[in-house]
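The structure under discussion appears below in the form of structure tokens.
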Amino acid sequence: MGTETTAPASLLDLVGSTPLVELPRLSPRPSVRLYAKLEGQNPSGSVKDRVAKAMLDAAEASGELEPGRRLLEPTSGNTGIALALAARLRGYPLTCVVPANVTSERRRLLSLYGAEIVESPGEEGSNGAVRLAIELAEEDPSLFMPFQYANEANPRAHYEGTGAEIVAALDRVDVLVAGLGTGGTLMGAGERIRESFPDVIVAAAEPLPGEEVMGLRSLDDGYVPPILDVSKLDRKLLVTNAEAVGGLRLLLEREGVLGGVSSGAVIHAALRLADELEEGVVVCVLADGGWKYLSADFWDAADPESTMERSVWW
Amino acid sequence: MAAVRIPPTLRAEVGGQRELEAHGSTVAEVIDDLVERFPPLRSQLLEDGELAPFVNVYVGGEDVRTRDGLQTPVADGDQLILLPAMAGGN
């Protein structure tokens, strides 16, 4: 046919270059400009498409990941969904270790994208999934675990992608706010933005988990992701589930953005930090949209906390 | 006097209590007051005189590691939250 086209040949070519939109109706005063990076617009619906693609690229380039080798990853949802999409397009089978209490949409999405699911105990939260995945990988060396918590390709994807895109779009950044999970967004995008705007405040919004998902046997079961260097964070704010839902509702009512739970937490933290500024630019990285949470009861609950304490939300 | 929220993981060390009152004008002083009354807490919270790596302490909802660490000031009526370090990240 010989038709010239600019259409990419793979959905993976559409990862990144997400929209940045101003949120003027949420800003506390006109001299403080609030922006949101809409990571939910990535192909599988979250920021994790960047990480999944980068981890596979790196493992293929190093020769560690031979064609057809099975992947294994602990994930409460988005990384698994992103890896499942990337793995399917590149021909790898995938097993995800998922806490038993994630939302049904996440489980269904993982299955639809072709992942096999192994459940870890819900009350152990994400730590339990990490623990079980490490055990399984040790038992079966044929498995390849990208392991987002310790994989340098994770922050690098945010250095080269998320952070570089924000720097290219704005002539000033005073505060960067992102959710804290693996630390990939905060470390990578934070480093890239700091290179261009050395005084930027890199701020983490961190979930206060419900009591029932904090059931670690001892503090020794705690886990700090190897890629996370807390000394590179300028602020680290704890956000309750109820505060995150408050942020979600504001974001939807004022700006029409349907965010996921961590996005609500990021908005809550960003508004707290924006309130401390006379003027400046605050950038929020919104990791996913609200679609994967529609089955949850918190959207119109009078007491959102009570509907959320048994699950891991981000 | 500060209110200190105890995570489920540490409740056995404090007789099952969910929240305790403690004295001190810095995080270090509040922790000293706690470990004096509940000695088994010491090895859980401190390591070589610093906060143990798998415990996070928050004053006013902010991690003291991004403030002044153990020297972070605590005002009368502040809430301290102790949490185990947990993996997040979807």
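The values are calculated or read from the model by the stated rules, or taken from the named source; none is laboratory data. Bear in mind the structure is a predicted one, so any value in this text is a computation, not a measurement. Because the Cβ atoms are built from the backbone with ideal geometry, glycine has one as well, and the counts that use them run over all protein chains shown.
Things to note:
- Of the strands (runs of 3 or more DSSP E) contained entirely in the range B:12-90, those carrying at least 2 residues that are away from chain A (no Cβ under 14 Å) and of a type outside the set (Asp, Glu) fall at B:19-22.
- For the range A:280-300, the set of residues classified as of a type outside the set (Val, Ile, Thr), away from chain B (no Cβ under 14 Å) and assigned to a strand (DSSP E or B) consists of A:Gly280, A:Cys284, listed by residue number.
- Here the helices (runs of 4 or more DSSP H) wholly within the range A:93-189 that include at least 1 residues being buried (at least 18 other Cβ atoms within 10 Å of the Cβ) and without any contact (Cβ under 8 Å) to a residue 60 or more places away in the chain are A:104-112, A:125-139, A:164-169.
- Residue satisfying all of: in the range A:241-259; more than 16 Å from A:Ala301 (Cα to Cα) and surrounded by 24 or more Cβ atoms within 10 Å (Cβ to Cβ); nearest to the other protein chains (Cβ to nearest Cβ) among these: A:Gly259
- Test: residue in the range A:231-240 that is touching a Pro at 6+ places or on another chain (Cβ under 9 Å), within 11 Å of chain B (Cβ to nearest Cβ), part of a loop (DSSP other than H, G, I, E, B) and without any contact (Cβ under 8 Å) to a residue 24 or more places away in the chain: no
- Residue in the range B:20-33 that is at positive phi and free of Cβ contacts under 8 Å to residues at least 12 places away in the same chain present: no
- The condition of being within 12 Å of chain B (Cβ to nearest Cβ) and under 16 Å from the mean Cα position of the chain (by Cα) holds for only one of A:Gly222, A:Gly210, A:Gly128, A:Gly181, that being A:Gly181.
- The listed residues are A:Tyr159, A:Tyr149, and the only one of them that is within 14 Å of chain B (Cβ to nearest Cβ), closer than 30 Å to A:Glu195 by Cβ and under 16 Å from the mean Cα position of the chain (by Cα) turns out to be A:Tyr149.
- Here is the figure for the range A:39-53: residues that are more than 12 Å from chain B (Cβ to nearest Cβ) and either farther than 9 Å from A:Val15 by Cα or surrounded by fewer than 24 Cβ atoms within 10 Å (Cβ to Cβ) (or both) total 3.
- Matching residues, the range A:17-42, being over 17 Å from A:Ala164 (Cβ atoms) and aliphatic (A, V, I, L, M): A:Val21, A:Leu23, A:Leu26, A:Val32, A:Leu34, A:Ala36
To keep it simple, each residue is scored yes or no on (1) aromatic (Phe, Trp, Tyr); (2) closer than 18 Å to A:Glu22 by Cβ.
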{"position": "A:Ala244", "(1), (2)": "no, no"}
{"position": "A:Leu250", "(1), (2)": "no, yes"}
{"position": "A:Glu253", "(1), (2)": "no, yes"}
{"position": "A:Leu258", "(1), (2)": "no, yes"}
{"position": "A:Val266", "(1), (2)": "no, yes"}
{"position": "A:Arg272", "(1), (2)": "no, no"}
{"position": "A:Tyr293", "(1), (2)": "yes, no"}
{"position": "A:Asp297", "(1), (2)": "no, no"}
{"position": "A:Ala301", "(1), (2)": "no, no"}
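- Flag if B:Arg5 is among the basic types (Lys, Arg), crowded, with 17+ Cβ neighbours inside 10 Å and within 30 Å of A:Trp313 (Cβ to Cβ): no
- Within the range A:94-117, considering residues that are out of contact with any helix residue (DSSP H, G or I) (no Cβ under 7 Å at 6 or more places or on another chain) and either of a type outside the set (Asp, Glu) or modelled with pLDDT under 90 (or both), the one farthest from A:Arg50 (Cα to Cα): A:Ser104
- Among the residues of the range A:221-228, none qualifies, meaning not one is in contact with a strand residue (DSSP E or B) (Cβ under 8 Å, 6 or more places away or on another chain) and of a type in the set (A, V, I, L, M, F, W, C).
- Residue in the range A:44-52 that is more than 14 Å from the chain's Cα centre (by Cα) and of a type in the set (Asp, Glu) present: no
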